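S.K.: Pasting in a structure now, in structure tokens, and then I'll have a few things to ask.
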Amino acid sequence: MSFLNAQEPTVVELVTDFGINIVWHPSMGLEIGQQVTDILEDCISGKIHIDIFVFEGTVIQGPNDTGTMNYFCERPMKYWVKELSAIADYVVAIGDCATWGGIPAVPPNPTDSTGLQFHKKDKGGYLGKDFISRSGMPVINIPGCPAHPDWMTQILVAISTGRIKDVIIDSYHRPTTFFNDFVQTGCTNARAFNEKVSGGFGKRGGCLFYEVGCRGPMTHASCNRILWNRQSSKTRANHPCLGCTEPGFPFHDLAKGSIFKTFKHLGFLPKELPEGENKLTHFFKAGVAKTVGLSKDMFTTTK
Ligand code: SF4
């Protein structure tokens, strides 16, 4: 559904401007039942050439590796996934479930869910750590819960225009174009973060890191550079970032009381800080910033 909200480019522009032929999509395809099975079989037999296989959703392998907990077109979905991945030039995983297993893979993981080429942080997943598609590339991961629609359409354009080899992917197979920087970049609360001014849900003028578990400083994604609906983002609306583009999501395996909470040492030192940041340095910098009075954010006015 997120895909249908793409704006730059839109899904319609993928078709009209970039010549992408969407062979089948669960929300847009007119075919149902046996017609879908026929399309998939034609793809696997080579009658229909598949340039890009885009998969969303976790791969359910259970119970006992049969995959029978998730049927699609008359047989376990996992078999379609393996066969379509084998014949496509490129394989793209969309969303946390397809990339690393997502919420269904949280222990005890009764469905034996996993991602296409990762299981949480470990390379492997359903297709295996050595999988490469016919183009020579591993699975391209576009994580998020949901993934940003423009990340999807722009990667599809890069593939369809022959520019995907110019796109660098990181160790988790995420295109660095979208996942090099942190969610905090562009957050309107960044100044409050530096000054350790704590905020709360929906409360303007503070940072959500200190009490309600915002993961913006540790999460690689461009949510505050490529805004959602070209309007806003979670943290701009003062909702904590949950870190959904990282393979550790959902963090703490959804243990009771672990969501929307900042874990602390001695009751006041956040246990997790941005990469490379020393705790004492962090609090020293915060103290200096407070002292010299840099507390205005973009919404603060002077009289
Ligand atoms: S609200 Fe989150 S992303 Fe924004 S400055 Fe605070 S910690 Fe960073």
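S.K.: Give me the percent relative contact order of the range 192-273, please, defined on Cα pairs under 8 angstrom at least 6 residues apart. The partial results should precede the final answer.
M.R.: Details: 117 pairs, mean separation 22.6, N = 82.
Relative contact order for the range 192-273 comes out at 28 percent.
S.K.: Something else about it: Where Rh denotes the Kirkwood radius from the mean inverse Cα pair distance, what is Rg over Rh for the range 150-283? Present the calculation step by step, with values, prior to reporting the outcome.
M.R.: Details: Rg = 16.1 Å, Rh = 15.9 Å.
Result for the range 150-283 is an Rg/Rh of 1.01.
S.K.: Do the alpha carbons of any pairs in 120/271; 121/203; 78/121; 234/271; 82/121; 123/203 sit beyond 31 Å of each other, and which pairs?
M.R.: 121/203; 123/203
S.K.: Over the range 2-179, what is the relative contact order in whole percent, taking alpha-carbon pairs under 8 Å and six or more residues apart? List each step's numbers first, then the result.
M.R.: Values: 319 pairs, mean separation 40.2, N = 178.
After rounding, I find 23 percent.
S.K.: Hey, what's the Cα Rg ratio for the chain versus the globular rule of thumb, 2.2 N^0.38 Å? Intermediate values should be presented prior to the final figure.
M.R.: On the way: Rg = 21.4 Å, N = 303, 2.2 N^0.38 = 19.3 Å.
Here the Cα radius of gyration is 1.11 times the empirical estimate.
S.K.: Moving on. Work out the length of the dipole vector of the chain about its Cα centre, built from +1 on the beta-carbon of each Lys and Arg and -1 on the beta-carbon of each Asp and Glu, and round it to the nearest 20 debye. Could the numbers behind the result be given before it?
M.R.: On the way: 30 positive and 29 negative charges, 370 e Å.
Dipole magnitude for the chain comes out near 1780 debye.
S.K.: Let me ask you something else. For residue 150, what charge total do you get from the other residues with a beta carbon under 13 Å from its beta carbon, if Lys and Arg give +1 and Asp and Glu give -1? Walk me through the numbers on the way to the answer.
M.R.: Working: positive: 225, 230; negative: 8, 13.
Net charge in that neighbourhood comes out at 0.
S.K.: Could you sort 39-48, 143-152 so that the peptide with the highest average Cβ count within 10 Å comes first and the rest follow in order? Don't jump to the answer; show the numbers that get you there.
M.R.: On the way: 39-48: 14.3, 143-152: 23.2.
Result, highest mean first: 143-152, 39-48.
S.K.: Still on this structure, I have one more. What does the charge count near residue 161 come to, summing +1 for each Lys or Arg and -1 for each Asp or Glu among other residues with Cβ under 14 Å from its Cβ? Write out the running numbers ahead of the final one.
M.R.: Details: positive: 163, 165; negative: 13, 17, 51, 89, 166.
Every neighbour counted, the sum reads -3.
S.K.: Something else about it: Any idea how far apart residue 35 and residue 268 come out in nm if each label point goes 7 Å out from Cα toward Cβ?
M.R.: With each label point 7 Å from Cα toward Cβ, the separation is 6.6 nm.
S.K.: In debye to the nearest 20, how big a dipole does the range 2-179 give about its Cα centre with +1 on each Lys and Arg Cβ and -1 on each Asp and Glu Cβ?
M.R.: Value, rounded to 20: 520 debye.
S.K.: Enumerate cysteines in the chain without a disulfide-compatible partner, where compatibility requires another Cys Cβ under 4.7 angstrom.
M.R.: For the chain, the answer is 43, 73, 97, 187, 207, 214, 223, 241, because their Cβ atoms have no other cysteine Cβ under 4.7 Å.
S.K.: Work out how much length residue 232 to residue 74 would gain on full extension: take 0.36 nm times their residue separation and subtract the Cα-Cα distance, in nm to one decimal.
M.R.: Details: separation 158, 0.36 × 158 = 56.88 nm, distance 4.17 nm.
Length gained between residue 232 and residue 74: 52.7 nm.
S.K.: Through the Karplus equation 6.51 cos²θ - 1.76 cosθ + 1.60, θ set to phi - 60°, convert the phi angles of the range 52-65 into ³J(HN,Hα) values in whole Hz; use x for Gly and Pro.
M.R.: Going residue by residue, I get 10, 9, 9, 10, 10, x, 6, 8, 8, 9, x, x, 6, 6 Hz, with x marking Gly and Pro.
S.K.: Ranked highest first by the average count of other Cβ atoms within 10 Å around their residues, in what order do 214-225, 199-210 fall?
M.R.: Ranked by mean Cβ neighbours within 10 Å, highest first: 214-225, 199-210.
S.K.: Next question, about the same structure. Given points 7 Å out from each Cα along the Cα-Cβ axis, report the residue 87 to residue 48 separation in nanometres with one decimal.
M.R.: Placing both labels 7 Å along Cα→Cβ, they lie 1.0 nm apart.
S.K.: Please state the relative contact order of the chain as a whole percent: Cα pairs under 8 Å, 6+ residues apart? Numbers along the way, then the final one.
M.R.: On the way: 549 pairs, mean separation 44.1, N = 303.
Taking the mean separation of contacting Cα pairs over the length of the chain, I get 15 percent.
Each reported figure results from applying straightforward, stated rules to the coordinates on display, with no laboratory input. Being a predicted model, the structure only gives us computed values, none of them experimental. Heads up, the Cβs are rebuilt from the backbone with ideal geometry, glycines too, and the neighbour counts pull from every protein chain shown.
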